[in-house]
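Below: the structure, in structure tokens.
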Amino acid sequence: MRVRRLMLLAPAIANAPLHQAIQSEDWEVHVTHTIAEARALAADGGFHVGIVLLENLDTFSVYELERLTMKYPVEWLAVVSPQCLTHPACTKLVIENFYDHHTLPLDAERLLVTLGHAHGRAEMKHNLNKSPEWVGRYQMVGKSPPMLALYSMLDRVTKVDAPVLIIGESGTGKELVARAIHENSSRARGPFVPVNCG
């Protein structure tokens, strides 16, 4: 049986029950307690799925979680307390940045099924990126790690209705990124109006 790697981001005092629930023969669980640890592990690669335990909004910085979930090609699942989901900021974070979520108390069997689906989806994306015929997405070319990270960010950004700031040196493709976001967003039927502020 093939062993799949899973990253678990959870506070040290709260991770034991969740860790035990997802321990199984075909999952190799790597536990991290801080976003910095999770970022370092994700940067090393080899992880298709990750779980974040959110019992309250004080557990981790919402901004840092958004950066973590957008930067790396990992399908993230949130395990959330009902109290946390009463806060609009938590609900928005979960909807916009996670593949799926599970509410505590945990249904381990259901979570393992969802993890399998998330892993399969991430593996398909990974295999697509390795395909020799595949040259890019969003009318862009490239398969380097920075380009794959950009495609992953675009996958997430195009699903939300929020302002996006795109920065970079002249000639790096900011307008191309803006056009890609527009054409794959809910506003695609409207006009795209580039304005040269120079």
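Filtered by the rule that a residue be among the polar types (S, T, N, Q) and loosely packed, with under 15 Cβ neighbours inside 10 Å, the range 30-46 gives a lone residue, 34. The set of residues in the range 148-169 that are modelled with pLDDT of 85 or more and open to solvent by 90 Å² or more (accessible area, probe 1.4 Å) comprises 163, 165, 167, 169. Pairs meeting the criteria (first residue in the range 15-41 and at pLDDT 90 or above, second residue buried (at least 16 other Cβ atoms within 10 Å of the Cβ) and assigned to a loop (DSSP other than H, G, I, E, B), beta carbons under 6 Å, at least 6 apart or on different chains) are 35/60.
Condition check: out of contact with any strand residue (DSSP E or B) (no Cβ under 7 Å at 6 or more places or on another chain), under 22 Å from residue 123 (Cα atoms) and either part of a loop (DSSP other than H, G, I, E, B) or hydrophobic (A, V, I, L, M, F, W, C) (or both). Does residue 73 satisfy that? In short, yes. Looking across the range 53-77, the residues that are within 18 Å of residue 40 (Cβ to Cβ), open to solvent by less than 50 Å² (accessible area, probe 1.4 Å) and of a type in the set (Ser, Thr, Tyr) come down to 69, 72. Residue-level check: of (1) in contact (Cβ under 8 Å) with a residue 40 or more places away in the chain; (2) under 14 Å from residue 52 (Cα atoms), residue 71 misses just (2). For first residues located in the range 82-97 and farther than 18 Å from residue 50 by Cβ, partners that are open to solvent by less than 50 Å² (accessible area, probe 1.4 Å) and of a type outside the set (A, V, I, L, M, F, W, C) and lie 6+ apart or on another chain with Cβ distances below 8 Å form the pairs 85/91.
Can you tell me how many residues within the range 172-198 are among the charged types (D, E, K, R) and either at positive phi or surrounded by fewer than 10 Cβ atoms within 10 Å (Cβ to Cβ) (or both)? So the count comes out to 1. Inside the range 80-119, residues that are assigned to a helix (DSSP H, G or I) and surrounded by 14 or more Cβ atoms within 10 Å (Cβ to Cβ) make up a count of 18. Could you say whether any residue in the range 126-140 is open to solvent by 30 Å² or more (accessible area, probe 1.4 Å), modelled with pLDDT of 85 or more and outside any loop (DSSP other than H, G, I, E, B)? No: zero hits.
The values are calculated or read from the model by the stated rules, or taken from the named source; none is laboratory data. It should be emphasised that the depicted structure is a prediction, and the values quoted were computed from it without experimental measurement. Virtual Cβ from ideal backbone geometry, glycine too; neighbours counted across all protein chains shown. Just so you know, the surface numbers come from the protein's heavy atoms only, side chains and all, with ligands and any DNA or RNA stripped out. Shrake-Rupley method; radii C 1.70, N 1.55, O 1.52, S 1.80 Å.
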